[in-house]
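Presented below is the structure to which this report refers.
Bear in mind these aren't lab numbers, they're just calculated from the coordinates by the rules spelled out. Quick caveat, the model's predicted, so the values are computed rather than measured. Cβ placement follows ideal geometry from the backbone for every residue including glycine, while neighbour counts extend to all protein chains displayed.
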Amino acid sequence: MNPDRARSFGAAADDYDRLRPAPAPEAVRRLLPGPGAAVLDLGAGTGLLTRALTAAGATDVVAVEPDDAMRGVLATRSPGVRVLAGTAEDVPLPDASVDAVLVASAWHWFDPDRASAEVGRVLRPGGVLGLLWTYWDPAQEWVAELRAIGGLDDQGRAPAVDADFVVDLPEGAPFGPGEPQVFRHAVWMAAADVAAMLGTHSAVLTLPADERAEVDRRAREHVARAVGTDPVRVPFVTAVWRAFRTSG
Ligand SMILES: C[S@@+](CC[C@H](N)C(=O)[O-])C[C@H]1O[C@@H](n2cnc3c(N)ncnc32)[C@H](O)[C@@H]1O
């Protein structure tokens with residue numbers, strides 16, 4: 001885990017919120033417990049998952065996010081949701097207080113030992129830990145090339161595109177076996193926004209300004225050349241992994 005990259009997103013909070021896709025609705029439904037469940041959105045960012053949860057019917061959602069700028073956008077865009085400053089390693093909630101802890105595109109930035117212990121502490125027995133990653137589907141060649149322009153395929157990437165991908169929790173973490181599932185979806189986006197979205201990734205956000213500008217130039221050129229339509233149909237994957245908290 002690279003701390004500079006983990007905390008880089010706030011510099012582009014508005015663009016992040018405008019350009020990044022929400023998780024596939026079926027993926028959210030897979031993780032959401034029944035009506036009235038208390039749900040923690042951990043590492044909630046600007047609230048892409050928070051909004052998807054409320055749209056799916058969740059009525060008791062608390063969002064925890066360490067970055068002031070990301071949290072500010074979330075609070076503005078999700079006015080009915082309780083929003084707290086905090087981290088996955090020090091969750092500002094009481095023991096056994098929620099039925100679900102959901103983490104979208106953020107688990108790989110957490111300290112896995114401390115975060116697993118904290119999630120185990122705040123979840124009620126039988127509660128669900130749900131991890132999601134939503135990202136450009138590299139199965140299409142133009143997308144794979146765009147990802148390469150932004151250097152997205154090193155640290156910080158989603159665990160895998162395979163339906164049977166594995167998330168390893170630390171030994172002794174109080175969870176049953178993991179259940180992975182992959183959902184594919186697509187979003188129509190303006191060509192300029194597809195290129196600009198690359199700039200909301202930590203691998204690009206942490207580059208010096210001149211290198212960032214060069215990535216942006218190459219991304220725009222690539223999208224115009226490789227796709228040639230506007231708007232562009234952009235394929236995404238939401239990879240979901242869930243495990244239930246054991247009792248005791
Ligand atoms: C890629 S963004 C994902 C945001 C949001 N969940 C989403 O799906 O759009 C990663 C988020 O994790 C947050 N983050 C980084 N380290 C964290 C930590 N140790 N505990 C909680 N959140 C963290 C960042 O501030 C950022 O908002």
> Modelled label-to-label distance, residue 140 and residue 121, 7 Å Cα→beta-carbon offset: nm?
Replying inline: 4.4
> How much FRET efficiency would the formula 1/(1 + (r/R0)^6) give for residue 29 and residue 85, where r is the Cβ-Cβ distance and R0 is 25 Å, rounded to 0.05?
Replying inline: 0.30
> About its Cα centre, what dipole magnitude does the chain give when the only charges are +1 on Lys and Arg Cβ and -1 on Asp and Glu Cβ, stated in debye to the nearest 20?
Replying inline: 660
> Expressed in nm to one decimal, what extension gain is obtained for the pair residue 224 and residue 246 from 0.36 nm per residue of sequence separation less their Cα-Cα distance?
Replying inline: 2.9 nm
> Where the centroid of each part is defined by its Cα atoms, how far is the stretch 192-211 from the stretch 4-41 in Å?
Replying inline: 19
> In terms of the ratio Rg/(2.2 N^0.38 Å) built on C-alpha atoms, what value belongs to the stretch 40-103?
Replying inline: 0.99
> Along the charge dipole of the chain, which of 194, 116, 57 sits closest to the positive end, that is, farthest toward it, with unit charges on the beta carbon of Lys, Arg, Asp and Glu (+1, +1, -1, -1)?
Replying inline: 57
> Scanning the chain for GluC sites (Glu not before Pro) in DSSP loops with at most 16 other Cβ atoms within 10 Å, what's the longest stretch left with none?
Replying inline: 1-88
> Looking at the square roots a ≥ b ≥ c of the eigenvalues of the Cα gyration tensor of the stretch 1-132, which shape do they give, rounded for a/c under 1.5, prolate if a/b is larger than b/c, or oblate?
Replying inline: oblate
> Once a ≥ b ≥ c are taken as the square roots of the eigenvalues of the Cα gyration tensor of the stretch 185-248, is the result rounded (a/c under 1.5), prolate (a/b larger than b/c) or oblate (a/b not larger than b/c)?
Replying inline: oblate
> How large is the dipole of the stretch 136-248 about the Cα centre if only Lys and Arg carry +1 and Asp and Glu carry -1, each at its Cβ, rounded to the nearest 20 debye?
Replying inline: 320
> How much length is gained on full extension from residue 168 to residue 56, taking 0.36 nm per residue of separation minus their Cα-Cα distance?
Replying inline: 37.5 nm
>> Suppose the chain between residue 179 and residue 18 were pulled fully straight at 0.36 nm per residue; how much longer would it get relative to their current alpha carbon spacing?
In response: 54.9 nm
>> Test of understanding: express the Cα radius of gyration of the chain as a ratio to 2.2 N^0.38 Å, with N the residue count.
In response: 0.99
